[in-house]
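In what follows, a structure is listed as structure tokens, so that the remarks can point back to it.
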Amino acid sequence: MVEVVLEWTARAAPVQAEGTFDGLPIYFRARWDHWSVGIGGSDPAGDPLWYYEEPYGKPDGYDASYMPQDEAHAFILAAIERYRAEQA
């Protein structure tokens, strides 16, 4: 089970969240046609220890900019699990 503490800093254009899990800072951003998660490092938004990105919606579209919060939360949890698997 992942315990994540998040604060949604923007809900649209872009969808953004900042927080922590396991004592590590995490940053989520969804904009245009992709979403990304940065974990750890001196600045998880600009200089993360670990970074992951996926396309979302139509290419060259705006779908990610208006991603529903519950869907964004699911992507954050999936990214954390990917991070943990890569660190094992």
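Only the coordinates and a few stated rules stand behind these numbers; no lab work does. Just so it is clear, the structure is predicted and the values come from calculations on it, not from any experiment.
Before moving on, here are some points about what is shown:
- Folded to 0 to 90 degrees: helix 69-87 orientation relative to the chain principal axis, Cα: 40
- In the chain, Cα pairs under 8 Å separated by at least six residues give a relative contact order of 23 percent.
- Residues whose placed amide H lies under 5 Å from that of Gly57, excluding near-sequence neighbours: none
- Volume of the convex hull of the chain (Cα atoms only), normalised per residue: 88 Å³.
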